Amino acid sequence: DTAVSQTPKYLVTQMGNDKSIKCEQNLGHDTMYWYKQDSKKFLKIMFSYNNKELIINETVPNRFSPKSPDKAHLNLHINSLELGDSAVYFCASSQDIGGSREQFFGPGTRLTVL
Amino acid sequence: KQEVTQIPAALSVPEGENLVLNCSFTDSAIYNLQWFRQDPGKGLTSLLLIQSSQREQTSGRLNASLDKSSGRSTLYIAASQPGDSATYLCAVRQGGSEKLVFGKGTKLTVNP
């Protein structure tokens with residue numbers, strides 16, 4: 001299946017821990033994103049990478065560090081987790097150069113910080 | 001700063017009705033506009049993408065229109081079915097930006 005995939009689907013952890021969420025897309029897209037959906041279901045951009053280069057960093061705490069080992073992967077590492085980090089995190093991708101720029105989303109990772 | 005508003009926040013209709021979901025945005029300098037569907041506990045499914053130069057897009061029973069100058073888009077769903085029940089999200093991509101700015105969605109319930 002061609003898609004955007006994320007692991008894990010659910011993540012429950014204690015405050016203060018460090019965790020990572022992985023994202024992979026096999027659509028051949030050049031741009032990848034992380035979005036956060038809060039408890040009120042509002043979706044907001046966090047980061048965007050184009051060909052492994054950081055393009056957008058939307059006032060996200062330094063505890064969040066994205067890493068793009070290649071243009072098909074964009075992982076999100078979170079240090080010192082806080083209660084307020086509990087949310088659903090969505091990865092997305094699009095083809096920006098020579099493409100429609102339509103964004104395709106992964107299934108989401110529900111993070112619960114206790 | 002771009003702001004996207006969706007009205008109504010929730011809508012409940014009987015099966016078979018035609019319905020319209022509304023989306024408005026404050027900055028008309030957009031690159032494109034996407035309509036998504038989100039089922040409970042699931043990810044977002046892209047329904048329709050309208051480029052800024054286009055007026056409408058159609059896919060099956062769905063038709064989305066775009067009036068960039070007035071900052072409005074509508075999603076028309078014909079002959080609604082219970083399977084259409086979901087939250088519908090509108091998002092705009094600003095010209096010169098990679099990010100999508102989302103509205104808060106319209107939660108649609110189609111009753112059998």
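Determine whether A:Leu74 is in a loop (DSSP other than H, G, I, E, B), hydrophobic (A, V, I, L, M, F, W, C) and in contact with a Ser or Thr (Cβ under 6 Å, 6 or more places away or on another chain).
No; evaluated as a whole, the condition is false for this residue.
Just to be sure I understand, how many residues within segment A:22-71 are modelled with pLDDT under 90, assigned to a strand (DSSP E or B) and of a type in the set (S, T, N, Q)?
Selection size over segment A:22-71: 2.
Quick check on my filter: what residues within segment B:68-112 are of a type outside the set (A, V, I, L, M, F, W, C), under 20 Å from B:Glu56 (Cβ atoms), outside any loop (DSSP other than H, G, I, E, B) and at pLDDT below 95?
B:Arg93
Answer yes if at least one residue in segment A:58-73 is within 14 Å of chain B (Cβ to nearest Cβ), exposed (fewer than 13 other Cβ atoms within 10 Å of the Cβ) and either of a type in the set (Phe, Trp, Tyr) or more than 13 Å from the chain's Cα centre (by Cα) (or both), and no otherwise.
Yes, segment A:58-73 has at least one match.
Counting only residues that are surrounded by fewer than 17 Cβ atoms within 10 Å (Cβ to Cβ), within 13 Å of chain B (Cβ to nearest Cβ) and of a type outside the set (D, E, K, R), which one in segment A:8-32 is nearest to A:Ser80 (Cα to Cα)?
The qualifying residue nearest to A:Ser80 (Cα to Cα) is A:Tyr10.
Which of the residues belonging to segment A:77-99 are closer than 18 Å to A:Ile55 by Cβ and either more than 13 Å from chain B (Cβ to nearest Cβ) or assigned to a loop (DSSP other than H, G, I, E, B) (or both)?
Answer for segment A:77-99, where residues must be closer than 18 Å to A:Ile55 by Cβ and either more than 13 Å from chain B (Cβ to nearest Cβ) or assigned to a loop (DSSP other than H, G, I, E, B) (or both): A:Gln95, A:Asp96, A:Ile97, A:Gly98, A:Gly99.
Testing B:Gln54 on (1) exposed (fewer than 15 other Cβ atoms within 10 Å of the Cβ); (2) away from chain A (no Cβ under 12 Å), one condition comes back false. Which one is that?
(2)
Here's the yes/no breakdown for (1) without any contact (Cβ under 8 Å) to a residue 24 or more places away in the chain; (2) within 14 Å of chain A (Cβ to nearest Cβ):
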{"residue": "B:Ser59", "(1), (2)": "yes, yes"}
{"residue": "B:Ala64", "(1), (2)": "no, yes"}
{"residue": "B:Ser73", "(1), (2)": "no, no"}
{"residue": "B:Phe102", "(1), (2)": "no, yes"}
{"residue": "B:Thr109", "(1), (2)": "no, no"}
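Only residues that are in contact (Cβ under 8 Å) with a residue 40 or more places away in the chain and either touching a strand residue (DSSP E or B) at 6+ places or on another chain (Cβ under 6 Å) or facing chain B (nearest Cβ under 8 Å) (or both): list them for segment A:33-45, please.
Of everything in segment A:33-45, those that are in contact (Cβ under 8 Å) with a residue 40 or more places away in the chain and either touching a strand residue (DSSP E or B) at 6+ places or on another chain (Cβ under 6 Å) or facing chain B (nearest Cβ under 8 Å) (or both) turn out to be A:Tyr33, A:Trp34, A:Tyr35, A:Lys36, A:Gln37, A:Asp38, A:Leu43.
What do you reckon, is A:Ser5 without any contact (Cβ under 8 Å) to a residue 24 or more places away in the chain, among the hydroxyl-bearing types (Ser, Thr, Tyr) and within 11 Å of another protein chain (Cβ to nearest Cβ)?
No: the conditions fail for A:Ser5.
The values are calculated or read from the model by the stated rules, or taken from the named source; none is laboratory data. Not measured: the values here are computed from a predicted model. Every residue, glycine as well, gets a Cβ built from its backbone with ideal geometry; the counts of neighbours run over all protein chains shown.
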